[in-house]
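Peer 1: Can you read through this structure? Questions will come right after.
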Amino acid sequence: MGKIDWNTVTREDVIKAIHIFTNDNPEYPEPKSTFLLFEGKKLPAKHIRGMAYKEAHGIEISKSEYTGGMETVRFFRKLGFDVFYNGEILYGNSRQPVSNGSLPENPSYENLKNIPFKNPSKMGQKDTILIKATDKKAEKIKISSKGVIEQKNALQLILNRYFDCDIVCEKTFPWLKTPDEINDEYRLIYDGLKQLQGDTSFAKRNVVLRCDFVCESRKIIIEYDERQHFSQARYVSLSAYPKDIMLGYEKELWMRACKDIQAKDNFPQNRDAIRAFYDSVRDIECAKHGYRLVRIMHGQFDWNSENAECQIKKLLHVNPMHTKEMEKNKGMKIGLYLQTQTACNPEAFQRAMDIASNADFDILVFPEDCYCPEIEELWQLDIAQEDDVEKIRKYCLNLSRQIKKAVVFSPFDKYCTPYSVFANYKADEKETEFAVYIKHTMAESSAFDFTDYKEIAMEIFSPIIYRGYKIGMTICYDCNHALFSRMWGIKGVDIILNSTGGDVIYDKWYKYNKVRAIENHCYNFVTMGGAGTNDNAHTYVYGFNPEGGELPFYNLMVHTDKTNEINTIYVYDISLDNGEAQVENSLCQKEKANKHQDYFFPVKHMHTVLEQAEKIDTNLYILTCQENTLVFCMVEGLDIMQPEHSLKLLYSDKLKGYQNKRYILVNHHEKEIEQDFFETKLSVVLKVRAMENFCAVVLQSPNIKHCYQTGNNRTAQVIPVEDRYYGIDISRTSGPEAIWKNKQGMKSEWRKNFEWLIEQVHNSNTDS
């Protein structure tokens, strides 16, 4: 082939190519950084460029024969098109309107980052817009025939994770077969399809039907409906369903899709009727036999996306199952006793215990430094002495028996060592009767002080088993460090219970505990003590689901929707969890520039930073800045959601010899980040990574870029962009060195055991 002459390709050729592309949706490599902007859409620039050449010359050229990137940008700008390149809009050289569907003279791209780019060959859809069936203004539903295998495989992986590998594919049941006789609920369906088809050959008798995905322990069946399922025959069968049938999908939406798509499969001639009849049998027989059949429309979601598991939860409306021994139909009810010092007397204690004993919940959780009438006796005991532990055990089991519930009780010992006790007086042979957790941080005496810590740590972090749930405990400030909750997370706990002393900054504790739930994919509950001597006691309860969503509650003593009514018991019922995530409460936090700006990190061109720095290990770089050593910890993509990836870099042995270290975590994403995932999870996780590690955190992705830093009181600060840079105050980025030093409640010598715990978590992930 001769030299490619791009000068002969006109704007009209490009517009023709765009129209062909939007109608045909051919397969093509997903672009990374370069998009053609046209009528509010983001289009694959390099691919369109090649199509335009074919329109001009009638010759198809290979993508290997021309480049993308800046060369393609210049090509389109020369013809007056606007281009989105590496996160920046580059306007065309000609802004005059052109007929035949050109861009408006003054286009607005303020919401460009929110315009999704979807490759139909990878997502298995064209421009599928899923809306409520009742939305009359909605666009016509379209379903592509491409990408089915990829999407179905991705869905299977998610379901296996979600249901702890309790998923079987292509499963059959003795009762799941076409009827021997047409009567009752099948009569109208049969008659309708007969009238449509003209014969009865579609209704074969006693045909055993298979199911796409089955979770037997939950009695859930999931069918994946491809384009061919949305036919006229299927519309007829759905219209004839019994009115009282229980379906796990929106029938009206499926009927609407049938009307919009009208798929046809004429091989054999009655294939549409057969498929519609079989689908109807699955729906009816599953409902009759106590199974919930959920249908998923191909293209309804992208099952390769970061937010796919969240979509499963919304679709199925069930809680994840981490153990097959979990009681199936009854959720755990957690009672959180918000006990302040104003209730530290025998009368108030007994009143609360009487209420607890007559209430319907499973575990009563006390705050750190809690009260009971025998508390002074407990203060004289040593949690390290076997005889004293036995006394603690007897007292807590008696308390459990008194209120007829399991308890989490959190006092101090004689050396001011805070600890929490789980006690269940009615434990069976499969359940935990007694367990002890010892606080690690912000204490006069810590678990880290034990000479045999490495031996006792595995016992401290041994999950509690109660009614099939796995439970872990933490105390107060331990929730400010991801590692301690993560020790429970790698053991697959369903619930973490935190007992806090109280008098905290609400937003600080909110963020930490929300993230502890997200990163460990478990429920997380917190109750507090504190002084409680004024109207604003800064004492709260929290309850988060595995997505970080706030859980509903009720107060046993006071009718209130507040979470800070002191000296009352709040009850959280896991069975009421809707499984949904929630937008971060400080998502729109006001940006604040640093008064002192010692280092300027580029918003774009991160590679220039790494080119200047010295690589000392995988994903670990250093750069001398004045008298400081800047440490760049590169955390790729979703690895940021698991704290051990960050901690392994921050505490690397390779950094031991460097002085005056200042730490910057860089979370780099190759692909665009879904807006919902960012707003509900990633944003708050990144803020907490800055808070808990006393460092700066930079988010780099094609569509979202942010910088966070530890603020006052270890809260999160959002750094604005100034002249294409983030101005970072490196005096507040001293990382581990700021945490592990001799100060109130902390000791520098504890760091050694902390680093040992990091290795345990890291090795656990490696082994798995």
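Peer 1: Ignoring everything except DSSP H segments at least 4 long, calculate the 222 nm mean residue ellipticity for the chain; use -39,500 (n - 2.57) per segment, divide by total residues, nearest 500.
Peer 2: -9000 deg cm²/dmol
Peer 1: Measure up 140/705; 333/511; 54/604; 615/741; 426/470; 514/648 against 25 Å on the Cα-Cα distance and list the ones that go over. Walk me through the numbers before you get to the answer.
Peer 2: Values: 140/705 34 Å; 333/511 23 Å; 54/604 35 Å; 615/741 28 Å; 426/470 17 Å; 514/648 22 Å.
In this structure, 140/705; 54/604; 615/741 exceed 25 Å between Cα atoms.
Peer 1: Same structure again: For the range 599-767, what does the alpha-carbon gyration tensor say about shape, rounded, prolate or oblate, given a ≥ b ≥ c as the root eigenvalues, a/c under 1.5 as rounded, and a/b over b/c as prolate? Write down the numbers at each step before the final one.
Peer 2: On the way: a/c = 1.41, a/b = 1.25, b/c = 1.13.
Rounded is the answer for the range 599-767, as its axis ratio a/c remains below 1.5.
Peer 1: Could you line up 175, 303, 750 from fewest to most neighbouring Cβ atoms inside 10 Å? Spell out each step's value before the answer.
Peer 2: Numbers: 175 11, 303 25, 750 20.
Placing the least packed residue first, the sequence is 175, 750, 303.
Peer 1: With a/c under 1.5 counting as rounded, go ahead and sort the range 333-576 into rounded, prolate or oblate using the C-alpha gyration tensor (a ≥ b ≥ c being the square roots of the eigenvalues; past the cut-off, prolate if a/b is larger than b/c, else oblate). Can you show the working numbers first?
Peer 2: Values: a/c = 1.25, a/b = 1.10, b/c = 1.14.
Cα axes put the range 333-576 in the rounded bin.
Peer 1: Then there is this: Roughly how many Å is it from the Cα centre of the range 724-745 to that of the range 457-526, as a whole number?
Peer 2: 25 Å
Peer 1: Please give the peptides 558-570, 257-269 ranked by average Cβ packing (other Cβ atoms within 10 Å per residue), highest first, as a rough proxy for protection.
Peer 2: Values: 558-570: 17.2, 257-269: 14.8.
In descending order of packing, they fall as 558-570, 257-269.
Peer 1: With a/c under 1.5 counting as rounded, go ahead and sort the range 696-768 into rounded, prolate or oblate using the C-alpha gyration tensor (a ≥ b ≥ c being the square roots of the eigenvalues; past the cut-off, prolate if a/b is larger than b/c, else oblate).
Peer 2: Working: a/c = 3.50, a/b = 1.41, b/c = 2.47.
Oblate, since a/c reaches 1.5 and b/c is not below a/b.
Peer 1: Under a plain spin-label model, where a point goes 7 Å from the Cα along Cα-to-Cβ, how far apart in nm are residue 627 and residue 348?
Peer 2: 5.1 nm
Peer 1: Considering only Cα-Cα distances, which of the following residue pairs are longer than 28 Å: 146/491; 590/752; 251/671; 508/752? Kindly include the intermediate steps, with their values, before the conclusion.
Peer 2: Values: 146/491 39 Å; 590/752 38 Å; 251/671 35 Å; 508/752 26 Å.
Pairs exceeding 28 Å: 146/491; 590/752; 251/671.
Peer 1: Expected output is a single nm value to one decimal: the length gained when fully extending between residue 375 and residue 670, i.e. 0.36 nm times separation in residues minus the C-alpha distance. What is it?
Peer 2: Extra length from residue 375 to residue 670 when fully extended: 100.6 nm.
Peer 1: Mind pulling the angle between the C-alpha long axis of helix 45-57 and the longest principal axis of the chain? Nearest 10 degrees, somewhere in 0 to 90.
Peer 2: On a 0 to 90 degree scale, this one is about 10.
Peer 1: Below 10 angstrom from the Cβ of residue 476, what's the summed charge of the other residues (Lys, Arg +1; Asp, Glu -1)? Walk me through the numbers before you get to the answer.
Peer 2: On the way: positive: 439; negative: 368, 369, 478.
Surrounding charge for residue 476 is -2.
Peer 1: Assuming 0.36 nm per residue, please report the length gained on full extension of the stretch residue 725 to residue 148 beyond their Cα-Cα distance.
Peer 2: On the way: separation 577, 0.36 × 577 = 207.72 nm, distance 4.30 nm.
Length difference between fully extended and current span is 203.4 nm.
Peer 1: Still on this structure, I have one more. Considering only the other residues whose Cβ falls under 14 Å of the Cβ of residue 200, what net charge follows from Lys and Arg at +1 and Asp and Glu at -1?
Peer 2: It works out to a net charge of +1.
Peer 1: In a shell of Cβ-Cβ distance under 9 Å around residue 439, excluding residue 439 itself, what net charge do Lys and Arg (+1) and Asp and Glu (-1) give? Write out the running numbers ahead of the final one.
Peer 2: Numbers: positive: none; negative: 368, 478.
Value of the local net charge: -2.
Peer 1: Please list 658-667, 532-541, 185-194 highest first by mean number of surrounding beta-carbon atoms within 10 Å per residue.
Peer 2: On the way: 658-667: 20.6, 532-541: 16.4, 185-194: 18.4.
Sorting 658-667, 532-541, 185-194 by mean packing, highest first, produces 658-667, 185-194, 532-541.
No lab work stands behind these numbers, since they all come straight from the coordinates. In this text, all values refer to a predicted model and were calculated from it rather than measured experimentally. Counting neighbours? That spans all protein chains shown, and the Cβs are built from the backbone with ideal geometry, glycine included.
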